[in-house]
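This report concerns only the one structure given below.
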Ligand SMILES: Nc1nc2c(c(=O)[nH]1)N[C@H]1C(S)=C(S)[C@@H](COP(=O)(O)OP(=O)(O)OC[C@H]3O[C@@H](n4cnc5c(N)ncnc54)[C@H](O)[C@@H]3O)O[C@H]1N2
Ligand code: MOO
């Protein structure tokens, strides 16, 4: 009788998967292409920001002492010596008894030390009547109040969002060094698989995993090269994988890794010295393979059951891709949730249960796909103590690894440790949040 290999713990396999990944080399991209990439350099400013004192208001640049006693009943009249729209290169000087008409953002002219908003004046263009007093510095945006020369504006390792792009642009930088996105080949295997939309003979099913995994790669910030489905011919598969080795940053396969008679991925890679097939103490997702092809390309061989593929990608591949992108934080955000319905979990294996969030008082029978905004619901009727969000299993059949259709309503993955065998209603579970 064949012996059953010892199971590797979920944590150990996650660590081994992450070990295969390192931040990809930096490339220089135009700012227009930088959104969603991770900065590989610090961006500092050479200039103060703002670059010079400028007006916070449309109005008049004045000397504060000239308008110290101005009021609606005793307005002060000043001679208008210049007109300064934003962008004006004109450099007038405001002397005693004079003002410059100025628009928001224009440099404060020499001699002026306060801005009078147009609402406090008669809006004159030759002379202007000022009806309110101003103090030195009023409505002036100071040079360097945002950043001074040498300040770090956006740090290496930052995932560039719109505000970061704006900050880089404001420094006057047009190109940045970023980690490039990982290119990931996705190969689904199995003689029973047919491309979606094609007619199905008896025993055939549409290939959903290559679509799942390619979408998951993109969702993780990678570029997916979707190949297959390929049949159960180990030699052809080995040739395909060796052909990809060195041309992509990672390869993800689905199917053919269990103990069946036609387990093509296992057969194709069994003799690779740096690829190991190890059962992992997790349900779903037990049969796993991991390692490097001879050219150094990391390969992740995931089980074929669709929910197993999905969960395996989440647990083992996604963190590795995020690390390749240069991110330091590679884990999904988690939340602690209360279980509404209970379920049994397999002994000595961690369980990853697709769940959805339900309204505070719901019994979970009605689909409620609106998750709480920030991990915890607060009870409007209670004054303190935020309440935990509540979860139910997303699929009627629990964690059945074939239940791909209902996987679509999952908003999180509840991770139940290996030593727990029963989850009871009211228990707290840790949920990886998989939807935004
Ligand atoms: N005797 C044993 N049998 C099985 C074991 C075991 O320990 N002993 N483990 C089970 C577990 S757990 C899993 S998970 C599966 C994994 O098997 P494979 O990775 O070899 O996957 P396949 O046999 O190729 O397929 C399993 C299942 O998934 C469907 N599938 C596969 N690829 C796709 C795809 N691209 N799109 C949609 N569906 C796909 C396939 O048709 C099968 O139904 O093994 C168990 N068996
Ligand atoms: O571990 Mo398998 O992945 O349960 O279905």
May I ask you to compute the full-extension gain from residue 336 to residue 402, defined as 0.36 nm times their residue separation minus their alpha-carbon distance, rounded to one decimal in nm? 21.1 nm
Compute the long axis of helix 10-19 from its Cα atoms, compare it with the longest principal axis of the Cα atoms of the chain, and write down the angle in degrees, 0 to 90, nearest 10. 60 degrees
Say we join alpha carbon atoms closer than 10 Å with springs in a Gaussian network model of the chain; which of 207, 83, 46 then has the biggest fluctuation? 83
Taking only Cα atoms and a 10 Å spring cutoff, compute GNM fluctuations for the chain and point out the largest among 407, 78, 160. 78
Please give the peptides 420-433, 345-358 ranked by average Cβ packing (other Cβ atoms within 10 Å per residue), highest first, as a rough proxy for protection. 345-358, 420-433
Give me the angle, in degrees from 0 to 90, between the Cα long axis of helix 234-244 and the longest principal axis of the Cα atoms of the chain, rounded to the nearest 10. 20 degrees
The orientation-averaged projected area of the Cα convex hull of the chain, in nm², is 30.8 nm²
Starting from the Cα of residue 270, step 7 Å along the direction of its Cβ; do the same at residue 430; then give the gap between the two resulting points in nm. 3.7 nm
Helical mean residue ellipticity (222 nm; -39500 (n - 2.57) per DSSP H run of 4+; nearest 500) of the chain: -4000 deg cm²/dmol
Where does helix 209-219 land angle-wise versus the long Cα axis of the chain, in degrees 0 to 90, nearest 10? 20 degrees
Bridge orientation stat for the chain from DSSP, antiparallel percent rounded to 5, came to 65 percent
What's the FRET efficiency of residue 242 with residue 145 using the Cβ-Cβ distance as r and R₀ = 45 Å, to the nearest 0.05? 0.15
Take each of the peptides 188-196, 69-77, average the number of other beta-carbon atoms within 10 Å over its residues, and list them starting from the highest. 188-196, 69-77
Using the basic label-point model (7 angstrom from Cα toward the beta carbon), what is the residue 359 to residue 129 distance in nanometres? 6.2 nm
Who wins for biggest fluctuation among 390, 332, 344 in a Gaussian network model of the chain, springs between alpha carbons below 10 Å? 344
When the chain is fully extended, how far beyond the present Cα-Cα distance does residue 47 get from residue 344, taking 0.36 nm per residue of separation? 100.7 nm
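Readers should treat all values here as calculations from the given coordinates under stated rules, not as data from a laboratory. Source: prediction; values computed, not measured. Using ideal geometry, Cβ is built from the backbone for each residue, glycine included, and neighbour counts are taken over all protein chains shown.
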